[in-house]
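Since the structure comes first, as structure tokens, the remarks are kept for the end.
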Amino acid sequence: MNKKRLLSVLLSAAMVAGTMAVAVPAYADDTEEITWMFWDDLEATEDLVSKGYKDVIDRFNTEYEGKYHVTPITTNLEEYDGKLNALIAAGQTPDVYICNPGPNMDVYVNAGAAADLTDILENQEKDWYATFTDGIFDRLTYDGKIMAVPTNFAAACVYYNTELFEKAGVEVPTTYDELIDVCKKLQDAGITPISCSAGTSWCLSMIAGYLCDRSGVDLQAIADHKANWTDDNCIAAGEKLKELSQYFQETAAGDSNDQATANFYNGDAAMLVQGSWAMAQINGNNPDFQSKCGVFQFPGIDGANDPNRMIVKTDNLMMSSTTEHQDAAIALMKMFTDEEAQKYTAEIGGKFPVIKDLDIDYDKAPAQLKYVQDIMAKATGTFGFYNESLASVEAGDCFDNAMVDIFLGNQTPEEAFQKYKEYKEQYIKDTAKRYKDKISYSVYEAMMNWKIEITD
């Protein structure tokens, strides 16, 4: 998203900012008060990762009593971005806030709402920086500047109900064709094969992303104009999404992510395609389900791409560029990544830690974590959510919506991918027109490749 577009979004958000005014408690004059924004209700949640975040907040306020105090600002995942935008527009940017990688993070970087953490990590806090896993900052670095700190690492897999698989007499599939066969047999046994949320569109597009990757779609080749969204492999992925979706629960079109996950851990569906972050939600809401919850990697497609590539992502903390309490904000970020918090992340929450040399007790950790670790051990590569790997938030939204249109039958795969291709071309044209007197090299290159004529 360009700065002018972002400013428009933020100014629009300001109209509703009044409803998000932050009530900060009064403390002693010498106590520095900061805010931290998160996408879950820390008091009502059953999600074990969120409970771990609450522990960090409580521990921070106890350890730094009389010096620092943090007040959480909480909402739900679906409303998080809009409410954070509203606070930024109102000049109430939280001192620290959580953010997804990719274009979601670009928005805040490009708007100047996030602090550059490079000097802090590489010079002022070198010992802290050295504790992180190698390469973990790659997707958090923009123009050579580190803009966020990760709190955990997760991979997307397929969860399955071992009891329902046994009831239907099916085995774990290793190919897409086997997955379809398993779905048919589960359905014949009166069992809903897959629970998926199309109401929360990124859940559906995560499956689409796997199908695209397994079909050989190369996002970098598309970005370099060496491949196209209307190529046969993209269309084939869309056709497979349509085929697979006939095995979703009847309410998939309207179900949220939480509802789709609940369908699975309540035993109403045999499979759920989700990230390893779902362990905390599954085990927190139904601890007894853990013993019958298996995990396998999303299957490959015979004769197509490498089946051992995994969708991965981090949850990340950004610090406000306007905070007046940098030391307090850094102290909070450090606590989210200290040994105690990271052991909880793995042993209770079921996500992967982001620091090295951490002794994890896998007998104590959720059983699913070891399954995911075994899958990751043979991974040959990783890639991000498609909606977090495209040029902008709008591009990601457009892709998500195109996949929902395929699912709903509003468009054929050919029509949906053609629509997305046209969106991308129009995005380049619009960008080039806005900056025709000061065109960046990447835009110029795109214009040359697509022979786009710039006119008023």
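What is the number of the single condition among (1) surrounded by fewer than 23 Cβ atoms within 10 Å (Cβ to Cβ); (2) within 25 Å of P287 (Cα to Cα) that P353 does not meet?
(1)
Pairs under 9 Å by beta carbon, first residue closer than 14 Å to W128 by Cβ and part of a loop (DSSP other than H, G, I, E, B) in segment 346-358, partner open to solvent by 10 Å² or more (accessible area, probe 1.4 Å) and charged (D, E, K, R), six or more apart or different chains?
Every condition considered, the pairs that remain are K356/D134.
Would you pick out the residues in segment 345-383 that are among the small types (G, A, S) and in contact with a Gly (Cβ under 6 Å, 6 or more places away or on another chain)?
Initial filter on segment 345-383 (among the small types (G, A, S)): 346, 349-350, 365, 367, 377, 379, 381.
Across segment 345-383, the qualifying residue is only G349.
Of (1) among the hydroxyl-bearing types (S, T, Y); (2) over 20 Å from the mean Cα position of the chain (by Cα); (3) open to solvent by less than 50 Å² (accessible area, probe 1.4 Å), S276 satisfies all except one. Which?
Just one mismatch for S276, condition (2).
Could you grab me the full set of residues in segment 124-161 that are over 23 Å from G350 (Cβ atoms) and of a type in the set (D, E, K, R)?
If the condition is that a residue be over 23 Å from G350 (Cβ atoms) and of a type in the set (D, E, K, R), then E125, K126, D127, D138, D143, K145 are the ones that fit.
Checking Y362 against (1) touching a residue at least 24 places away in the same chain (Cβ under 8 Å); (2) of a type in the set (F, W, Y); (3) surrounded by fewer than 17 Cβ atoms within 10 Å (Cβ to Cβ): exactly one of these is not met. Which one?
Of everything listed in (1) touching a residue at least 24 places away in the same chain (Cβ under 8 Å); (2) of a type in the set (F, W, Y); (3) surrounded by fewer than 17 Cβ atoms within 10 Å (Cβ to Cβ), Y362 misses just condition (1).
From the residues in segment 328-344 that are free of Cβ contacts under 8 Å to residues at least 40 places away in the same chain and surrounded by fewer than 18 Cβ atoms within 10 Å (Cβ to Cβ), which one is nearest to I34 (Cα to Cα)?
If we take residues in segment 328-344 being free of Cβ contacts under 8 Å to residues at least 40 places away in the same chain and surrounded by fewer than 18 Cβ atoms within 10 Å (Cβ to Cβ), then D338 is nearest to I34 (Cα to Cα).
Given the conditions (1) touching a Ser or Thr at 6+ places or on another chain (Cβ under 6 Å); (2) open to solvent by less than 20 Å² (accessible area, probe 1.4 Å), report the number of the one that D306 does not fulfil.
Of (1) touching a Ser or Thr at 6+ places or on another chain (Cβ under 6 Å); (2) open to solvent by less than 20 Å² (accessible area, probe 1.4 Å), only one is false for D306: (2).
What tally of residues in segment 300-343 results from selecting those that are hydroxyl-bearing (S, T, Y) and under 20 Å from the mean Cα position of the chain (by Cα)?
2
For segment 42-142, which fully contained helices (runs of 4 or more DSSP H) count at least 1 residues that are in contact with a Phe, Trp or Tyr (Cβ under 8 Å, 6 or more places away or on another chain) and open to solvent by 30 Å² or more (accessible area, probe 1.4 Å)?
Because the criterion is at least 1 residues that are in contact with a Phe, Trp or Tyr (Cβ under 8 Å, 6 or more places away or on another chain) and open to solvent by 30 Å² or more (accessible area, probe 1.4 Å), the helices (runs of 4 or more DSSP H) in segment 42-142 that meet it are 48-63, 77-89, 103-110.
For a quick check of your reading of the model, give me the residue pairs whose first member lies in segment 239-265 and is over 23 Å from A280 (Cα atoms), whose second is surrounded by fewer than 16 Cβ atoms within 10 Å (Cβ to Cβ) and of a type in the set (D, E, K, R), with beta-carbon atoms closer than 9 Å and at least 6 apart or on different chains.
Cβ pairs passing all conditions: Y247/K184.
Residue-wise test of (1) part of a loop (DSSP other than H, G, I, E, B); (2) out of contact with any Asp or Glu (no Cβ under 8 Å at 6 or more places or on another chain); (3) of a type outside the set (D, E, K, R); (4) closer than 19 Å to Y210 by Cα.
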position	(1), (2), (3), (4)
L390	yes, yes, yes, yes
N401	no, yes, yes, yes
I406	no, yes, yes, yes
N410	yes, yes, yes, no
E414	no, yes, no, yes
Q426	no, yes, yes, no
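Can you tell me which residue is farthest from D255 (Cα to Cα) among those in segment 184-237 that are in contact with a Lys or Arg (Cβ under 9 Å, 6 or more places away or on another chain), touching a residue at least 12 places away in the same chain (Cβ under 8 Å) and open to solvent by 10 Å² or more (accessible area, probe 1.4 Å)?
N228
Condition check ((1) modelled with pLDDT under 85; (2) farther than 30 Å from N286 by Cβ) across all residues:
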| position | (1), (2) |
| --- | --- |
| T314 | no, no |
| L358 | no, no |
| Y362 | yes, no |
| N401 | no, yes |
| G409 | no, yes |
| A416 | no, yes |
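Can you name the condition, by its number, that V158 falls short on among (1) under 30 Å from K343 (Cα atoms); (2) at pLDDT 95 or above; (3) outside any strand (DSSP E or B)?
Only one criterion in (1) under 30 Å from K343 (Cα atoms); (2) at pLDDT 95 or above; (3) outside any strand (DSSP E or B) is unmet by V158, namely (3).
The values are calculated or read from the model by the stated rules, or taken from the named source; none is laboratory data. Just so we're clear, the structure is a prediction, and the values are computed from it rather than from any experiment. No Cβ is skipped: glycine too gets one built from the backbone with ideal geometry, and neighbour counts run over all protein chains shown. For accessibility, only protein heavy atoms count, side chains too; no ligands or nucleic acids. Shrake-Rupley method; radii C 1.70, N 1.55, O 1.52, S 1.80 Å.
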